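Note sheet for the following structure.
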Amino acid sequence: MGEMKLEGVHHITAITGDAQRNVDFYVGVLGLRLVKKTVNQDDPTVYHLFFADERGDAGSDLTFFEYPGSPPGRAGDGMIHTVAWRVSGSEALDFWAERLRERDLEAERTGDRLRFADPEGLGHELRVSEAGDEPLIADHPEIPAELALQGFDGARAYSSNPEASRSLFEEALAFEPLDDGWEARGESRGGLYGFDPPPPERGLQGAGSVHHIAWASRIDEHEAWRDRVIEGGARPTPVIDRFYFRSIYFREPSGVLFEIATLGPGFTVDEPLESLGEKLSLPPDYEHLREQVEPVLRPINNPRVPAA
């Protein structure tokens, strides 16, 4: 079948209880661009917000479902606990440590890594990257381009039995084993994934917890990946057309929800690059719901866009 490879992380999706606070943090503080404001296609009364680099590229795309007032989640066995981002060097770590401190957000520096959590407790780690992949950065007036976040380095999850996942990862998904996890690396990008021993408390899905991680597939290989996943013993959904990309979902043996999502068509299918994320975008199949949905969704003030 030729050596198919996943092109690193496509996106990571988490849950927020407060869309406005979420946008204020990810756009206002971390400097990402809100590239799409749409609805959860499985529950169209809730927002699905996408933050990414300037062009809305896969590989930089952190997304959130908003369940207003959702109680706090907690990462446990079978859940992702840390989203890792690349930065250019120790100067960038200095910059971010200071920027977070100025906002009374705790950050912990260990060597070439800086750890912190968002206002709802979602764990992040900035890592000085040796990857050599194209930096995926967004424009922000207070953040020099060379110090900005450069897209995902990967994610870490809790697993009480990481060995259970090995054959699916190494055979079906063609992940390369590393000292403390695996790498999914294609022609243009790579992403890391690894496990840590779980805490004693059970995990809870809620605000500040990760819902799933998506790995990037070339469009023409997507069906073949689904076949590989089935051969590897997992049970993927049928291909679901998410309009901006196509998706399959399955649980990997440690319990984390995985998605394989296509590289394209992308976020500019329904709005121009210049004004991505400024209006509520609904895929064509959902457009008829606009009159029901729009009044229910609280307006969000995007700190990036000057108030009209």
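Where a number appears in this text, it was derived from the coordinates with a stated rule and is not lab data. Note that the structure is predicted; figures quoted are calculated from it, not measured. Neighbour counts are summed over all protein chains in view; Cβ atoms, including those assigned to glycine, are modelled from backbone coordinates with ideal geometry.
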* Just one of (1) more than 18 Å from the chain's Cα centre (by Cα); (2) among the hydroxyl-bearing types (Ser, Thr, Tyr); (3) within 22 Å of residue 136 (Cβ to Cβ) trips up residue 237, so point out which. => (3)
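What residue, among those in segment 244-276 that are out of contact with any helix residue (DSSP H, G or I) (no Cβ under 8 Å at 6 or more places or on another chain) and at positive phi, is surrounded by the most Cβ atoms within 10 Å (Cβ to Cβ)? Don't jump to the end; show me each part of the working.
Going residue by residue through segment 244-276, those that are out of contact with any helix residue (DSSP H, G or I) (no Cβ under 8 Å at 6 or more places or on another chain) are 245, 247, 249, 251, 255-259, 261, 265-275.
Okay, now just the ones that are also at positive phi, so 255, 266.
Working: 255: 19, 266: 16.
Across segment 244-276, the extreme among qualifying residues is 255.
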* Asked: What are the residue pairs meeting all of these: first residue in segment 81-110, first residue farther than 13 Å from residue 124 by Cβ, second residue of a type in the set (Ser, Thr, Tyr) and surrounded by 13 or more Cβ atoms within 10 Å (Cβ to Cβ), Cβ atoms under 8 Å, and 6 or more apart or on different chains?
  -> 88/129
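Looking at this structure, is residue 234 assigned to a loop (DSSP other than H, G, I, E, B), touching a Pro at 6+ places or on another chain (Cβ under 9 Å), farther than 27 Å from residue 269 by Cβ and touching a residue at least 12 places away in the same chain (Cβ under 8 Å)? Can you show your working first?
On the way: assigned to a loop (DSSP other than H, G, I, E, B): yes; touching a Pro at 6+ places or on another chain (Cβ under 9 Å): yes; farther than 27 Å from residue 269 by Cβ: yes; touching a residue at least 12 places away in the same chain (Cβ under 8 Å): yes.
The answer is yes for residue 234.
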* **Pair list, Cβ < 9 Å and 6+ apart or interchain, from segment 210-224 residues that are closer than 30 Å to residue 73 by Cβ to residues that are of a type in the set (Gly, Ala, Ser) and assigned to a helix (DSSP H, G or I)** => 217/224
* Asked: What number of residues in segment 86-104 are touching a strand residue (DSSP E or B) at 6+ places or on another chain (Cβ under 6 Å) and either among the acidic types (Asp, Glu) or exposed (fewer than 15 other Cβ atoms within 10 Å of the Cβ) (or both)?
  -> 1
* To do: Sort out which residues of segment 56-88 are polar (S, T, N, Q) and part of a loop (DSSP other than H, G, I, E, B), and write them in order of number.
  => 60, 70, 88
* Could we say that residue 50 is surrounded by 23 or more Cβ atoms within 10 Å (Cβ to Cβ) and either closer than 30 Å to residue 292 by Cα or charged (D, E, K, R) (or both) here? -> yes
* Out of all the residues in segment 257-308, which are of a type in the set (Val, Ile, Thr) and not in a loop (DSSP other than H, G, I, E, B)? -> 260, 262, 268, 269, 293
* Asked: Which of the residues belonging to segment 280-295 are surrounded by 12 or more Cβ atoms within 10 Å (Cβ to Cβ) and not acidic (Asp, Glu)?
  -> 280, 281, 282, 283, 286, 289, 290, 293
